[in-house]
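The values are calculated or read from the model by the stated rules, or taken from the named source; none is laboratory data. Note that this is a predicted model, so its numbers are computed, not measured. Heads up, the Cβs are rebuilt from the backbone with ideal geometry, glycines too, and the neighbour counts pull from every protein chain shown.
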Amino acid sequence: MSITVRYFASLRERVGRAEDQLQADGDDTAGGVWSRAVPEQAMPDRVLIAINQEYADADHPVRDGDEVAFFPPVTGG
Amino acid sequence: MAVSLHPAAFDPWATLTAHQAQLPPGSFGATAVFVGTMRDFNEGDDVRAMTLEHYPGMTEKHLEGIVAEARERWGLDDCLIAHRVGPIEPGEPIVLTAVWSAHRKAAFEACRYLMEELKHRAPFWKRETLKDGADRWVEKNTEG
């Protein structure tokens, strides 16, 4: 098992890829996942985070097998 | 289905008629409908085309959640959300929300709720191509 990290829209372009796979480290948060997956860039201020497709804060715990997504403000409709 | 995503152009009025035909005649007294259509202008620039990206799975899940909230809050007979994804051109419908209820107040309020919640919560992102060929991500929703 591992953590799937996904990036969408302008954030995908900024990171330069759509997805990463990370080994779970047992004490992860969403913000910590960003720091390990994209160490060269600070997490953007206005980023939205979803864990297993539900909105979550940066300090929300992440477990092995979770899917964590980072994306900019949504603009549908 | 109360929620549908359309990778190609769709006719919101045909979608609406087909959905309403499934409801028992006489069971509702009010229908409120909103259709959003792509403009050829935004933020003062001429827009030639647009691409709608989404998060497959999460988008449908949240649209279904919004429909369930509206149904419970207003005691609706039924709701419908249809939304385009992928490449889209000016003049094409982007989104349809519709509500069927016993009376008009619930229908109007719930239809507005569906649209506002969709715009704030459903993971869609617009990328515009301007007339001069430049591409840009749409950074925020219009005021309403």
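For the stretch B:34-66, a tally of residues being within 14 Å of chain A (Cβ to nearest Cβ) and part of a strand (DSSP E or B) returns 11. Being more than 14 Å from chain B (Cβ to nearest Cβ), basic (Lys, Arg) and on the phi < 0 side of the Ramachandran plot is true of A:Arg36.
Within the stretch A:1-14, the set of residues being more than 14 Å from every other protein chain (Cβ to nearest Cβ) and aliphatic (A, V, I, L, M) comprises A:Met1, A:Ile3. Does any residue of the stretch B:16-33 turn out to be within 16 Å of the chain's Cα centre (by Cα), surrounded by 13 or more Cβ atoms within 10 Å (Cβ to Cβ), within 11 Å of chain A (Cβ to nearest Cβ) and among the hydrophobic types (A, V, I, L, M, F, W, C)? No: zero hits. Annotation note: of A:Arg46, A:Arg14, the sole residue that is within 23 Å of B:Lys140 (Cβ to Cβ) and at pLDDT below 95 is A:Arg46. Do you know which of the residues in the stretch A:1-34 that are of a type in the set (Asp, Glu) and farther than 25 Å from B:Trp125 by Cβ is surrounded by the most Cβ atoms within 10 Å (Cβ to Cβ)? That would be A:Asp28. Checked against (1) surrounded by fewer than 18 Cβ atoms within 10 Å (Cβ to Cβ); (2) more than 7 Å from chain A (Cβ to nearest Cβ); (3) outside any helix (DSSP H, G or I); (4) touching a helix residue (DSSP H, G or I) at 6+ places or on another chain (Cβ under 9 Å), B:Asn141 passes all but a single condition, namely (2). Considering the stretch B:126-138, and only residues there that are not hydrophobic (A, V, I, L, M, F, W, C) and not in a strand (DSSP E or B), the residue that is nearest to the other protein chains (Cβ to nearest Cβ) turns out to be B:Gly133.
Considering every residue within the stretch B:109-125, establish whether at least one is within 14 Å of another protein chain (Cβ to nearest Cβ) and in contact with a Leu (Cβ under 6 Å, 6 or more places away or on another chain). Within the stretch B:109-125, one or more residues are within 14 Å of another protein chain (Cβ to nearest Cβ) and in contact with a Leu (Cβ under 6 Å, 6 or more places away or on another chain). Residues that are over 17 Å from B:His19 (Cβ atoms) and part of a strand (DSSP E or B) within the stretch B:85-114 comprise B:Gly86, B:Pro87, B:Ile88, B:Ile94, listed in sequence order.
Just so you know, in the stretch B:67-84 the residues that are outside any loop (DSSP other than H, G, I, E, B), of a type in the set (A, V, I, L, M) and away from every other protein chain (no Cβ under 12 Å) include one that is surrounded by the fewest Cβ atoms within 10 Å (Cβ to Cβ), and it is B:Ala68.
The residues in the stretch A:47-77 that are within 11 Å of chain B (Cβ to nearest Cβ) and assigned to a loop (DSSP other than H, G, I, E, B) can be counted, and the count is 8.
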